[in-house]
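The values are calculated or read from the model by the stated rules, or taken from the named source; none is laboratory data. Just so you know, these numbers come straight off a predicted model, no measurement behind them. Here the Cβ positions follow ideal geometry from the backbone for every residue, glycine too, while neighbour counts run over all protein chains shown.
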Amino acid sequence: MSGVPAPPSPPVAIRRAALDALAREPFDVLVVGGGITGAGVARDAALRGLRTALVEKDDFASGTSSRSSRLVHGGVRYLEHGDLRLVFEASHERRLLRMLAPHLVRPLAFTWPVYAGARIARWKLAAGLTLYDALAAFRNVARHERLSAAGVLRREPRLLSDGLRGGARYWDALTDDARLTLATVRSAIAAGATVVNHARVTQLVREGDRVAGARVRDELDGGDLQLRARAVVNATGPWSDDTERLAGATAASAVHGSKGVHILVPRERIGNEAALTLLTPHDGRVFFVLPSGDFAIVGTTDTFESVSPDQVRASASDVQYLLDAANHFFPSARLTREDMITAWAGLRPLVASDAHADDPGAVSREHAVTERVPGLVRITGGKLTTYRVMARDTVDAVQRSLGGRVTRARTAESPLAGGGLADPLEAIGAATVLTHDAAVASRLVHAHGDEWRDVWGLTEREPELAERIEPSRPYLMAELRWAVENELAFTLADLLVRRIPIAFETRDHGRAAARRVAPLIAACLGWDAARVGAEIERFDAEVERLFAIT
């Protein structure tokens with residue numbers, strides 16, 4: 001019948017049902033913030049049997065949780081500051097996450113060269129790495145090994161040789177930070193949580209002195225709703241002071257934002273064989289050169305930042321600092337701004353303290369759970385590696401706030417979404433046989449884990465989905481369809497920044513890819529021509545915000 005609106009697409013209908021549930025059902029706990037911390041809290045709470053909701057104003061991992069160094073690590077540099085408890089905790093969590101998500105958290109060997117006059121001498125490095133192994137209960141992938149200068153250069157032949165005295169090799173792990181967050185979100189949903197992205201909290205509602213819910217605005221389609229919850233968790237990271245104010249709180253700032261900048265360059269230019277831990281020649285602070293497929297990530301900086309978290313960007317001086325550091329240790333690289341593919345910045349939500357007020361690198365990465373306003377539990381600080389512990393402590397505080405007994409966290413007992421692979425390398429072999437493309441096979445397994453066959457299965461029904469989104473990158477059109485239908489992706493940026501990192505890995509930050517894939521997304525989400533144009537403009541604005549250099 002003409003004039004009758006078309007029914008919403010299945011993903012849109014599922015989202016509307018979730019919004020309706022937010023307005024209809026009373027919850028035990030509302031989690032505000034869909035970064036790694038909020039996702040972890042929602043999963044933990046749901047697994048303990050709490051009626052749990054999570055809302056995120058943008059997309060999951062759209063803040064700091066998609067702009068990290070992409071490492072799950074014990075924090076060897078924290079040994080300098082005496083944070084032994086944090087290193088012990090992080091080392092345990094690194095091992096656990098490798099079991100919960102073996103496709104996303106993978107072992108990575110680091111070479112740490114030592115030069116004449118370095119702030120950390122060879123003996124000190126050896127002692128520190130021995131302690132690092134001990135704090136991991138000697139259960140890391142392997143123990144560290146000391147290297148001669150020749151041994152370092154055998155591993156990294158393009159590394160600066162002048163003044164090289166030797167070094168060491170040790171182990172940590174790499175991850176896809178955005179997809180680790182997404183896997184945790186999906187696991188929270190599987191445990192019973194109601195989760196909605198692009199839903200902004202505009203007010204925290206009180207009943208008497210206690211926070212008892214929130215006003216929420218649908219940022220995609222408009223409309224407001226009121227959500228009732230017996231407790232609210234503020235897991236908004238760098239935005240948490242602003243979130244606290246939505247409850248009428250006037251307490252002093254509890255977050256000190258430290259900006260971390262990374263740059264992405266072609267790996268063939270810089271020439272690193274694997275991962276390196278280095279000390280910048282400018283100020284002696286630790287930075288990394290990390291392998292990332294065809295690219296190398298160089299980072300990070302650590303400087304206090306006072307701008308809005310929504311506006312944090314890499315500056316020209318940040319970029320030059322990292323280029324200079326990389327060129328110092330890899331003299332043949334001769335990197336310039338023109339060689340750089342992208343630069344990005346994230347804001348670490350450090351716990352505010354007068355101590356080390358001038359040195360963000362010395363501020364503890366410990367987390368703090370507080371309840372300054374009754375019914376509003378706030379989690380600040382911490383690091384990606386220890387997010388599960390942060391979530392446990394937060395849900396413990398929620399249960400105490402609700403007046404019940406604290407029950408046992410169950411988040412260590414089952415894999416995250418996609419984490420059921422017994423052997424990722426064996427799966428990559430099987431995927432290579434099916435796809436006839438080793439790069440695509442590696443991507444499918446590492447991104448989707450035990451769901452890789454389901455993603456590839458879309459191409460068997462629709463062969464055009466086997467095409468690459470970008471010819472030079474191993475990402476398939478099928479991943480877009482899968483992300484819309486199964487991973488709560490509703491915008492082009494959801495897809496090309498966080499589900500698939502094309503915006504990070506192309507010089508135009510995915511603008512051309514966005515225009516190519518928009519028709520497929522329109523068909524999945526029911527967009528008309530006007531909506532397609534608006535979404536492309538929205539994508540262009542978002543990548544400008546994320547990747548422009550100030």
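Name the pairs: first residue in the range 122-141 and assigned to a helix (DSSP H, G or I), second residue among the polar types (S, T, N, Q), Cβ to Cβ under 8 Å, at least 6 apart or on different chains?
Correct list of pairs: Tyr132/Ser91; Asp133/Asn140; Leu135/Ser91.
Tell me whether the range 161-174 contains one or more residues that are of a type in the set (Ser, Thr, Tyr), outside the structural domain of Glu25 (by TED's automatic domain parsing) and either crowded, with 21+ Cβ neighbours inside 10 Å or over 17 Å from Leu54 (Cβ atoms) (or both).
Going through the range 161-174, the residues of a type in the set (Ser, Thr, Tyr) turn out to be 161, 170.
Filter once more, keeping what is outside the structural domain of Glu25 (by TED's automatic domain parsing): 161, 170.
Retained after the next criterion (residues that are either crowded, with 21+ Cβ neighbours inside 10 Å or over 17 Å from Leu54 (Cβ atoms) (or both)): 161, 170.
Within the range 161-174, one or more residues are of a type in the set (Ser, Thr, Tyr), outside the structural domain of Glu25 (by TED's automatic domain parsing) and either crowded, with 21+ Cβ neighbours inside 10 Å or over 17 Å from Leu54 (Cβ atoms) (or both).
Can you say whether Arg200 is at pLDDT 95 or above, within 25 Å of the chain's Cα centre (by Cα) and among the basic types (Lys, Arg), as far as the supplied structure shows?
Details: at pLDDT 95 or above: yes; within 25 Å of the chain's Cα centre (by Cα): yes; among the basic types (Lys, Arg): yes.
Yes; evaluated as a whole, the condition is true for this residue.
Tell me which residues, restricted to the range 521-546, are buried (at least 20 other Cβ atoms within 10 Å of the Cβ) and either small (Gly, Ala, Ser) or touching a Lys or Arg at 6+ places or on another chain (Cβ under 8 Å) (or both). Explain how you work it out, then say what you get.
Applying the first criterion (buried (at least 20 other Cβ atoms within 10 Å of the Cβ)) to the range 521-546 yields 521, 525, 535, 539, 542-543, 546.
Passing the criteria: Phe539, Val543, Leu546.
Of everything in the range 215-274, what is modelled with pLDDT under 95, surrounded by 17 or more Cβ atoms within 10 Å (Cβ to Cβ), of a type in the set (S, T, N, Q) and touching a helix residue (DSSP H, G or I) at 6+ places or on another chain (Cβ under 8 Å)? Give them in sequence order.
Once the filter is applied, which keeps residues that are modelled with pLDDT under 95, surrounded by 17 or more Cβ atoms within 10 Å (Cβ to Cβ), of a type in the set (S, T, N, Q) and touching a helix residue (DSSP H, G or I) at 6+ places or on another chain (Cβ under 8 Å), the range 215-274 yields only Ser258.
Within the range 397-410, track down each residue that is outside any loop (DSSP other than H, G, I, E, B) and either of a type in the set (Val, Ile, Thr) or free of Cβ contacts under 8 Å to residues at least 24 places away in the same chain (or both).
First, the residues of the range 397-410 that are outside any loop (DSSP other than H, G, I, E, B): 397-401.
Within the range 397-410, Val398, Arg400 qualify.
Conditions tested, residue by residue: (1) within 22 Å of the chain's Cα centre (by Cα); (2) without any contact (Cβ under 8 Å) to a residue 40 or more places away in the chain.
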{"site": "Val205", "(1), (2)": "no, yes"}
{"site": "Ala214", "(1), (2)": "no, no"}
{"site": "Asp224", "(1), (2)": "no, yes"}
{"site": "Val233", "(1), (2)": "yes, no"}
{"site": "Asp242", "(1), (2)": "yes, yes"}
{"site": "Ala249", "(1), (2)": "no, no"}
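Can you tell me how many residues within the range 44-102 are at positive phi and in contact (Cβ under 8 Å) with a residue 12 or more places away in the chain? Give the steps one after another, and end with the answer.
Going residue by residue through the range 44-102, those that are at positive phi are 49, 61, 70, 75, 82.
The next check asks that each one be in contact (Cβ under 8 Å) with a residue 12 or more places away in the chain; those that pass are 49, 61, 70, 75.
Looking only at that region, the number is 4.
So which pairs qualify, if the first residue must be in the range 366-379 and more than 14 Å from Leu246 (Cα to Cα), the second must be assigned to a loop (DSSP other than H, G, I, E, B), the Cβ gap must be under 6 Å, and the two must be at least 6 apart or on different chains?
Matching pairs, first to second residue: His367/Gly382; Ile379/Ala235.
Could you pull out every one of the helices (runs of 4 or more DSSP H) wholly within the range 234-353 that has 3 or more residues that are of a type in the set (A, V, I, L, M) and touching a Ser or Thr at 6+ places or on another chain (Cβ under 8 Å)? Give the steps one after another, and end with the answer.
Details: elements: 240-245, 267-270, 316-329.
In the range 234-353, the matching helices (runs of 4 or more DSSP H) lie at 316-329.
If you check Gly74, Gly35, which single one turns out to be under 24 Å from Asp393 (Cα atoms), within 16 Å of the chain's Cα centre (by Cα) and not aromatic (Phe, Trp, Tyr)?
Values: Gly74 fails: within 16 Å of the chain's Cα centre (by Cα).
Step by step, each of Gly74, Gly35 is checked, and only Gly35 is under 24 Å from Asp393 (Cα atoms), within 16 Å of the chain's Cα centre (by Cα) and not aromatic (Phe, Trp, Tyr).
Out of the residues in the range 256-272 that are more than 19 Å from the chain's Cα centre (by Cα) and of a type outside the set (S, T, N, Q), state the one that is farthest from Ala326 (Cα to Cα).
His256
Given the options Asp450, Asp393, name the one that is in the same structural domain as Gly49 (by TED's automatic domain parsing), surrounded by fewer than 22 Cβ atoms within 10 Å (Cβ to Cβ) and under 28 Å from Leu47 (Cα atoms). If you could, list the steps in order and put the result at the bottom.
Numbers: Asp450 fails: in the same structural domain as Gly49 (by TED's automatic domain parsing).
Step by step, each of Asp450, Asp393 is checked, and only Asp393 is in the same structural domain as Gly49 (by TED's automatic domain parsing), surrounded by fewer than 22 Cβ atoms within 10 Å (Cβ to Cβ) and under 28 Å from Leu47 (Cα atoms).
Which residue is modelled with the highest pLDDT, if the candidates are limited to the range 354-387 and must be among the basic types (Lys, Arg) and outside any strand (DSSP E or B)? Lay out the reasoning, then the answer.
We begin by selecting, within the range 354-387, every residue among the basic types (Lys, Arg); these are 365, 372, 378, 383.
This time we only want the ones that are outside any strand (DSSP E or B), so: 365, 383.
Working: Arg365: 71, Lys383: 91.
Here the residue is Lys383.
Looking only at the range 433-449, which residues are among the charged types (D, E, K, R) and under 21 Å from Arg498 (Cβ atoms)?
First pass over the range 433-449, keeping only residues among the charged types (D, E, K, R): 437, 443.
Matches in the range 433-449: Arg443 only.
Would it be correct to say that Thr243 is outside the structural domain of Glu505 (by TED's automatic domain parsing), over 30 Å from Ile341 (Cβ atoms) and among the hydroxyl-bearing types (Ser, Thr, Tyr)? Before the answer, list the steps.
Numbers: outside the structural domain of Glu505 (by TED's automatic domain parsing): yes; over 30 Å from Ile341 (Cβ atoms): yes; among the hydroxyl-bearing types (Ser, Thr, Tyr): yes.
The answer is yes for Thr243.
Taking the stated definitions as given, is Ala438 in contact with a Lys or Arg (Cβ under 6 Å, 6 or more places away or on another chain) and not polar (S, T, N, Q)?
Numbers: in contact with a Lys or Arg (Cβ under 6 Å, 6 or more places away or on another chain): no; not polar (S, T, N, Q): yes.
So Ala438 does not fit the description; no.
Against the conditions (1) in the same structural domain as Arg334 (by TED's automatic domain parsing); (2) modelled with pLDDT under 95; (3) under 19 Å from the mean Cα position of the chain (by Cα), where does Val298 fall short? Just the number, please.
Of (1) in the same structural domain as Arg334 (by TED's automatic domain parsing); (2) modelled with pLDDT under 95; (3) under 19 Å from the mean Cα position of the chain (by Cα), only one is false for Val298: (2).
Just to be sure before I move on: is Ser68 touching a Ser or Thr at 6+ places or on another chain (Cβ under 9 Å) and not aliphatic (A, V, I, L, M) in the structure I sent? Spell out how you get there, then give the answer.
Details: touching a Ser or Thr at 6+ places or on another chain (Cβ under 9 Å): yes; not aliphatic (A, V, I, L, M): yes.
Taking the combined requirement at face value, the residue satisfies it.
With the requirement that a residue be part of a helix (DSSP H, G or I) and more than 15 Å from His448 (Cβ to Cβ), what does the range 411-425 give you? Working first, answer last.
As a first pass, look at the range 411-425 and keep what is part of a helix (DSSP H, G or I): 424-425.
The one that is part of a helix (DSSP H, G or I) and more than 15 Å from His448 (Cβ to Cβ): Leu425.
Scanning the range 496-510 for residues that are part of a helix (DSSP H, G or I) and touching a helix residue (DSSP H, G or I) at 6+ places or on another chain (Cβ under 6 Å), which turns out surrounded by the fewest Cβ atoms within 10 Å (Cβ to Cβ)? Before you say what the answer is, go through the steps one by one.
Going residue by residue through the range 496-510, those that are part of a helix (DSSP H, G or I) are 496-499, 502-505.
Checking the rest, the ones that are also touching a helix residue (DSSP H, G or I) at 6+ places or on another chain (Cβ under 6 Å) come to 496-499, 502-503.
Details: Leu496: 30, Val497: 27, Arg498: 27, Arg499: 25, Ile502: 22, Ala503: 25.
Restricting to residues being part of a helix (DSSP H, G or I) and touching a helix residue (DSSP H, G or I) at 6+ places or on another chain (Cβ under 6 Å), the top hit is Ile502.
Can you tell me which residue among Val205, Val152, Val141, Val195 is more than 17 Å from Ser65 (Cβ to Cβ), touching a helix residue (DSSP H, G or I) at 6+ places or on another chain (Cβ under 9 Å) and among the β-branched types (Val, Ile, Thr)?
Values: Val205 fails: touching a helix residue (DSSP H, G or I) at 6+ places or on another chain (Cβ under 9 Å); Val152 fails: touching a helix residue (DSSP H, G or I) at 6+ places or on another chain (Cβ under 9 Å); Val195 fails: more than 17 Å from Ser65 (Cβ to Cβ).
Unique residue meeting the criteria: Val141.
Select, from Val543, Val517, the only residue that is within 26 Å of Asp318 (Cβ to Cβ) and outside any loop (DSSP other than H, G, I, E, B). If you could, list the steps in order and put the result at the bottom.
Numbers: Val517 fails: within 26 Å of Asp318 (Cβ to Cβ).
The match here is Val543.
Go through the residues of the range 467-480 one by one and say whether even a single one is touching a Pro at 6+ places or on another chain (Cβ under 7 Å), hydrophobic (A, V, I, L, M, F, W, C) and more than 19 Å from Pro10 (Cα to Cα).
Looking for residues that are touching a Pro at 6+ places or on another chain (Cβ under 7 Å), hydrophobic (A, V, I, L, M, F, W, C) and more than 19 Å from Pro10 (Cα to Cα), one finds none in the range 467-480, hence no.
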